Amino acid sequence: MEIESIRFGFFIGILFICTVWEIIVPKRSLTQSKWFRWSNNLGLVALNGLLLKITLPLLAIDVALVTEDQGFGVFNWLSLPLWLSVPITVFVLDCVIYWQHRLFHQVPLLWKLHRMHHSDQDIDVTTGARFHPIEIVLSMLIKIVAVAIIGAPAIAVLIFEILLNGSAMFNHSNARLSTDLDRLLRTAIVTPDMHRVHHSTIRKECDSNYGFFLSIWDRCFGSYIDQPQHGHQGMQIGVDRFRARNEQRIDKMLTQPFRSK
Ligand SMILES: [Zn+2]
Ligand SMILES: [Zn+2]
């Protein structure tokens, strides 16, 4: 319960900060009603939280607590000190999430699930938390396996989950950063301009910039695109077959992976 309160506190805090930031210095004008998108995107977040509880009673943090207790996993076998195992865990899990994201783009069946994240016709802070529940469950299973193998400390998993969630909300924010600040931040982390390229309708751009927290993975693995071909104002966002307004309603979002039209 304590852990959930910490996570929820960070979620609300970051949501609030990014919302204020988007209002003060918006990057693109929104094309859809904000209230309509927000109620559906955040409704989906609440539904996902509930579904995770029902389908996976043991989450990544709980698995980390069990492996710590049982002395299972590489870091536990090596008896690594926390000051070393925490940053390495964050680094390794971020790389795992990068490859998971790439996999969800490259395997057609997984793309159908992930496509729902891309079908948002505006990108703002709530898009960062908008994922299909099956993708959320699969992602948690992947994290659980990674945590068990590396023997990640529970505190590192908590820090990583807060960072991942927080950076996803940050880099989906419809907010402006100066070019210099964007350049500086981009040397380490994924910025809103860097991730916006990933939401382009141009397939080559959509299949780039997969990172969520650290920007190093896209540079390392050759999937980095600096700027969208048509610029941040001219680029088209979304998925063409899901342009109807009601496709942004929860019930429609949930069925998108199972429809060919
Ligand atoms: Zn994607
Ligand atoms: Zn995204």
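Miscellaneous remarks
- Simple spin-label estimate for Gln32 and Leu51 gives 1.7 nm between the two label positions (7 Å along the Cα-to-Cβ direction from each Cα).
- Each 5 Å bin from zero up to the one holding the largest Cα-Cα distance in region 106-183 carries the following percent of pairs: 3, 13, 17, 21, 19, 14, 10, 4, 0.
- Distance histogram for the chain (every C-alpha pair counted, 5 angstrom bins, percent rounded to whole numbers): 1, 6, 13, 17, 19, 17, 13, 8, 4, 2, 0
- Computed extension gain for Asn246 through Leu78, at 0.36 nm per residue and net of the alpha carbon distance, reaches 55.2 nm.
- Loop-resident sites, region 186-229, for chymotrypsin sites (Phe, Trp or Tyr not before Pro), counting at most 15 other Cβ within 10 Å (DSSP): Phe221
- Where N is the number of residues in region 1-123, Cα Rg divided by 2.2 N^0.38 Å: 1.36
- On full extension, the segment bounded by Ile149 and Thr187 gains 10.7 nm, given 0.36 nm per residue less the C-alpha separation.
- Multiplying the residue separation of Thr201 and Glu4 by 0.36 nm and removing their Cα-Cα distance gives an extension gain of 67.3 nm.
- Total charge dipole magnitude, the chain, about the Cα centre, Cβ charges on Lys, Arg, Asp, Glu only, Debye to nearest 20: 1060 debye
- Close amide H contacts of Arg176 (hydrogens built in the peptide plane, cut-off under 5 Å, sequence separation of 5 or more or a different chain): Val25, Lys27.
- Over the chain, dividing the summed -39,500 (n - 2.57) contributions of all DSSP H runs of at least 4 residues by the number of residues returns a 222 nm mean residue ellipticity of -20000 deg cm²/dmol.
- Of the DSSP H helices in the chain, those that are both long (alpha-carbon extent of 24 Å or more along the helix axis) and hydrophobic (Kyte-Doolittle mean at least -0.5) are 2-24, 34-55, 82-106, 133-150, 154-171.
No lab work stands behind these numbers, since they all come straight from the coordinates. Note that the structure is predicted; figures quoted are calculated from it, not measured. So basically every Cβ, Gly included, is an ideal-geometry build from the backbone, and we count neighbours across all protein chains shown.
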